[in-house]
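Taking it in order: structure first as structure tokens, then the write-up.
The values are calculated or read from the model by the stated rules, or taken from the named source; none is laboratory data. Bear in mind that the values here come from a model prediction, so they are computed numbers and not experimental data. Positions of Cβ are backbone-derived with ideal geometry, glycine not excepted, and every protein chain shown enters the neighbour counts.
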Amino acid sequence: MTTTISINAYSDALVVLGTAGVVVPIVRRWGINPVLGYLGAGAILGPLGLGSLVQNLPFLYWFTVTDAQNVEGIANLGIVFLLFLIGLELSFRRLVTMRRLVFGLGGLQVLATSAMLFGAALLCGQSSDTSVIIGASLALSSTAIVLELLSAERRLATTAGRASFSVLLAQDLAVVPILVFVSVLGAGSGGSVVTHISSAILKAVVAVAFLILIGRLLMRPLFQMVAGTHSTELFVAATLFVIVGAGLAAHQAGLSMALGAFVAGLMLAETEYGKAIEATVEPFKGLLLGIFFFTVGMAIDFRVFMREPGWLLAAVIGILAGKAIVLIILGRLFRLSWPAAIEIGFLLGPVGEFAFVSIGMAAAAGLIEPRVSSFVVAITAVTMALTPLLGALGRRLAAKLADERILDPELTVQPPSDRTQAIVVGYGRVGKVVCSLLTSHGVDYIAVDHDPIAVARDRRDGHKVFFGDVTEPGFLEACGLMQTTGVIITIQSRTAIDAVVERIRSARPDVLIVSRARDADHARHLYAIGATDAVPETIEASLQLSEAALVGLGVEVGYAIASVHEKRDEFRRTLQQAAHTADQDKSHPSSFAGRPSRRQ
């Protein structure tokens, strides 16, 4: 049976996938942010770029996108996933801890900058509704680029890094009312700006309350049931079902799908499944967001640069300067040092990727004229492209000023990828004892377990444990593997222990790994594949039995304990040496075998 397919759709999709698989890795090697790579590729290969030359140069057909609608549907899912992850990364605990900087510094930045740009849009002849959308959209910064820059430069822990994160967090929260406002205006309701805002807030409250009610009744039981099957495929399916389902529910209520996904992420953030869901969504998010940024790039019209270069340059300079001045003033008001305030001013001055979303929605609803929307998109693209350069310039300027002496206590709060001293894998009887001792000694940890019923019960009892499968790619990274000091493995399955040790050691050659072992042979194997310390159950039981017997038979406690410790060290040296010898015999020497133990 012959099936008719759309060659145009497939060829356009092929160009986008080729960008993700070929172009972006190349620009990464050149040190260019992948977001900028997608934007640039979309602008060059899109229907307003080389795609417009297909009629004269037919061979370009297979290297360009000729119809943006062929990939637009998939790209819209990228925004849904982005808002879901923003909700998943936000937690009420984090918001409460950082409330002064998030709602103070960040909230005032959004309001002050939006008001300034609203006034500028009014002076340029735009209506009040259009001016509100333009002002609010351009007030936000690029979370994707800024956080990647700070992370790559290891500056998230600096004063400027933490302050920037607080402002970006406030801006992420501001996305929700902006989306609601645009959705309500797009529905065609009349009235003043105040009426629109009041209606938007009321509608959002009702819709969000409904989503939260349904979510609390269904989401946790759904994930507990799916997790109980221990099926990765079903867990992925359930995650996608919740994201798309919440988005469609919000859409049916007259709001955006992105808002529904945001609410779903916010509800799941405090559950035991948050880390596992984050690891599940990450691969989808990366590809879908890449497609989204590619389609955004396709909307960049190079004719705008040639048609109004003077106005475009003036607008770019005015927005960058205005946003930077607002941020620097607010930073000083919130007791940031001059270097930190200047650095965040330069770093957060450019416009962010959300402007593409809101302006695109407004243009599709007829709220902004095509000529104006193209101009605003061009401004956004130019300023985003300048983000790395401005960040470096702000850092150099800050370095020339006096050293930072004022440190706001709230700036010590960690960003989403919290650094914990230890990750405890397994929260059974052994894991609970380990975590109890870590707590008594003030060691910060995160515990994970694969039993959904036990995790749900322990969390209700106030335990700090999360659900997830440590053998799944990305889950340990979502728990902070790349920042943690050590990993303690307390699970029973020998196969699972081996897989976890190998995965951790391949990702972090320097991290401490202390693992439970089934017996002496298993401990020897764990040393060979990279464990820092392995504790065999049989040997440890015999040592504890010996200690109790010695004390009971009249040997002084101190001598008994010392001799048992000496025997334990002897066993450890023997096992490590055996692992090292076996490795040499196989001509595969291990860099970890024979490593001095760090177990105390």
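Please enumerate the residues belonging to region 484-498 that are surrounded by fewer than 18 Cβ atoms within 10 Å (Cβ to Cβ) and part of a loop (DSSP other than H, G, I, E, B). Within region 484-498, Thr485, Gln492, Ser493 meet the criteria.
In the list Ser542, Ser587, which residue meets the criterion of being at pLDDT below 75, of a type outside the set (D, E, K, R), within 25 Å of Ala531 (Cβ to Cβ) and more than 45 Å from the chain's Cα centre (by Cα)? Before you say what the answer is, go through the steps one by one.
Numbers: Ser587 fails: more than 45 Å from the chain's Cα centre (by Cα).
Every option except Ser542 fails the conditions.
Is there a residue in region 334-352 that is surrounded by fewer than 20 Cβ atoms within 10 Å (Cβ to Cβ) and free of Cβ contacts under 8 Å to residues at least 12 places away in the same chain? Within region 334-352, not a single residue is surrounded by fewer than 20 Cβ atoms within 10 Å (Cβ to Cβ) and free of Cβ contacts under 8 Å to residues at least 12 places away in the same chain. Among the residues making up region 52-69, those that are without any contact (Cβ under 8 Å) to a residue 24 or more places away in the chain and either touching a Lys or Arg at 6+ places or on another chain (Cβ under 9 Å) or closer than 14 Å to Ile7 by Cβ (or both) are Val54, Pro58.
Is it true that Leu266 is surrounded by 22 or more Cβ atoms within 10 Å (Cβ to Cβ) and either under 21 Å from Asp172 (Cβ atoms) or not assigned by TED's automatic domain parsing to the domain that holds Phe475 (or both)? Break it down stepwise before answering.
Values: surrounded by 22 or more Cβ atoms within 10 Å (Cβ to Cβ): yes; either under 21 Å from Asp172 (Cβ atoms) or not assigned by TED's automatic domain parsing to the domain that holds Phe475 (or both): yes.
Judged against the criteria, Leu266 is a match.
Scanning region 221-255 for residues that are within 17 Å of Ala209 (Cβ to Cβ) and in a loop (DSSP other than H, G, I, E, B), we see that the one that is modelled with the highest pLDDT is Ala253.
Take Pro309 and tell me if it is free of Cβ contacts under 8 Å to residues at least 40 places away in the same chain, out of contact with any Gly (no Cβ under 6 Å at 6 or more places or on another chain), over 23 Å from Gly161 (Cβ atoms) and surrounded by fewer than 17 Cβ atoms within 10 Å (Cβ to Cβ). Before the answer, list the steps.
Details: free of Cβ contacts under 8 Å to residues at least 40 places away in the same chain: yes; out of contact with any Gly (no Cβ under 6 Å at 6 or more places or on another chain): yes; over 23 Å from Gly161 (Cβ atoms): yes; surrounded by fewer than 17 Cβ atoms within 10 Å (Cβ to Cβ): yes.
For Pro309, the condition - free of Cβ contacts under 8 Å to residues at least 40 places away in the same chain, out of contact with any Gly (no Cβ under 6 Å at 6 or more places or on another chain), over 23 Å from Gly161 (Cβ atoms) and surrounded by fewer than 17 Cβ atoms within 10 Å (Cβ to Cβ) - is met.
Among the listed residues Leu313, Leu367, which satisfies the condition of being among the hydrophobic types (A, V, I, L, M, F, W, C), modelled with pLDDT of 90 or more, more than 30 Å from Thr158 (Cβ to Cβ) and more than 25 Å from the chain's Cα centre (by Cα)? That would be Leu313, the only listed residue that is among the hydrophobic types (A, V, I, L, M, F, W, C), modelled with pLDDT of 90 or more, more than 30 Å from Thr158 (Cβ to Cβ) and more than 25 Å from the chain's Cα centre (by Cα).
Let's see how each residue does on (1) touching a helix residue (DSSP H, G or I) at 6+ places or on another chain (Cβ under 7 Å); (2) touching a residue at least 40 places away in the same chain (Cβ under 8 Å); (3) under 27 Å from Leu234 (Cβ atoms):
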site	(1), (2), (3)
Ala258	yes, yes, yes
Leu268	yes, yes, yes
Glu272	yes, yes, yes
Ile277	yes, yes, yes
Thr280	yes, yes, yes
Val296	yes, yes, no
Ala314	no, no, no
Ala324	yes, no, no
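For region 83-144, which helices (runs of 4 or more DSSP H) that fit wholly inside it have 3 or more residues that are at pLDDT 85 or above?
Working: elements: 92-97, 107-123, 128-139.
Where helices (runs of 4 or more DSSP H) fall fully within region 83-144 and carry at least 3 residues being at pLDDT 85 or above, they are 107-123, 128-139.
Within region 23-69, restricting attention to residues that are hydrophobic (A, V, I, L, M, F, W, C) and assigned to a loop (DSSP other than H, G, I, E, B), which residue is farthest from Asp301 (Cα to Cα)? Ranking the qualifying residues of region 23-69, first place goes to Trp30.
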